[in-house]
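The values are calculated or read from the model by the stated rules, or taken from the named source; none is laboratory data. Bear in mind the structure is a predicted one, so any value in this text is a computation, not a measurement. Note that we place each Cβ from the backbone using ideal geometry, even for glycine, and neighbour counts take in every protein chain shown. Note: accessible area is taken over every heavy atom of the protein model, side chains too, but ligands, DNA and RNA are not part of it. Shrake-Rupley method; radii C 1.70, N 1.55, O 1.52, S 1.80 Å.
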Amino acid sequence: LIGEMRAAGKFSMKVITDGTAPVRATLVGIAVSTNSSKARYIPLGHEGFGGGFSLPKADALALLAPLLTDPSIEKIGHDLKADLIVLGRHGVDVQNPRGFDTMIASYLVDANRSSQALEPLALEQLGYKAVTEDEVRGKGVKAIPFAKVPVDSVLVYAGERADIAYQLSERVRPALVRDELESVYRDLELPLVPILAAIERIGVRVDV
């Protein structure tokens, strides 16, 4: 898989966590896609009865880190900032990404949308109804962390997040060029992603 990702020169990804905020979340798995309609899931933190097989987290991240931190390889995602925060807290510090964030790009193209969430964008742009988090984890007080959801039950949800981001990038990227927003994205929005991720990870010192 790593060889395939490096040969492609770009890949989309989605970090799956235990469901809490990125600054506190535990890494459960990473979904990646190097081609439209194809994705793979790397389970790293599934536990408990029926949790299924997980790779040793430290070993897997050590192998993935050179790819994730290589600025010559494009990382595609929907809300890359959240992914960078989680990865940074687990020892993979992606400070200078060459990336394409479909959430930010979609906002630039249509800032009046009521939501830039992945599911409505997938339905509108791709005609595809994605599995929701509630369908995998449950709702409200009955919701369980992704870490306690069996790998097989997370596979489609995680893979969709990576694959949909990949497909959305092929739709939204030309729209940025069409609307003459490419330089705004490249020179202003994208460089802010790792900065904001670092701010959220480290916090701000306040003299009360």
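Here are the numbers:
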item: Total charge dipole magnitude, the range 57-138, about the Cα centre, Cβ charges on Lys, Arg, Asp, Glu only, Debye to nearest 20; result: 140 debye
item: With every protein chain in place, the range 125-166: carbon and sulfur % of accessible area (1.4 Å); result: 56 percent
item: Residue-wise HN-Hα coupling along the range 118-124, computed from phi with Karplus coefficients 6.51, -1.76, 1.60 (Hz; x: Gly, Pro); result: 5, 4, x, 5, 4, 5, 6
item: Accessible area expressed per residue, the range 91-208, with surrounding protein chains retained (probe 1.4 Å, Å²); result: 60 Å²
item: Theoretical gain in end-to-end length, residue 47 to residue 135 [0.36 nm per residue, Cα-Cα removed]; result: 29.8 nm
item: Listed residues 125, 116, 95, most fluctuating in the chain (Gaussian network, C-alpha, under 10 Å); result: 125
item: Relative contact order computed over the range 1-129 (Cα-Cα under 8 Å; 6+ residues apart), in percent; result: 21 percent
item: Contour minus Cα-Cα distance for residue 65 and residue 204 (0.36 nm per residue); result: 47.3 nm
item: Centroid-to-centroid separation of the range 12-26 and the range 111-136 [C-alpha atoms, Å]; result: 19 Å
item: Fraction of accessible area attributable to carbon and sulfur, the range 1-95 (%, probe 1.4 Å); result: 56 percent
item: Long-range amide H partners of residue 100 with built H, under 5 Å; result: 75, 76, 77
item: Shape category assigned to the range 3-46 from the gyration tensor of Cα positions, a/c cut at 1.5; result: prolate
item: Cα-centre dipole for the range 1-132 with unit charges at Cβ (Lys and Arg positive, Asp and Glu negative), debye to 20; result: 100 debye
item: Rounded FRET efficiency, nearest 0.05, which uses the C-beta distance separating residue 7 from residue 115 and R0 of 25 Å; result: 0.10
item: Structure-derived Cα Rg over 2.2 N^0.38 Å - corresponding label in [x] 1.17; [y] 1.00; [z] 1.13; result: [y]
item: Full-stretch length increase - residue 156, residue 196 - with 0.36 nm per residue and alpha-carbon distance subtracted; result: 11.4 nm
item: Candidates 111, 197, 147, ranked by Gaussian network fluctuation over the chain, Cα under 10 Å, top entry; result: 111
item: Top of 68, 44, 126 by mean-square fluctuation, Gaussian network on the chain, Cα under 10 Å; result: 126
item: Rounded FRET efficiency, nearest 0.05, which uses the C-beta distance separating residue 74 from residue 177 and R0 of 22 Å; result: 0.85
item: Residue among 68, 84, 20 farthest towards the positive dipole end of the chain, charges placed on Cβ; result: 20
item: DSSP bridge pairs, the chain: antiparallel proportion in percent, nearest 5; result: 60 percent
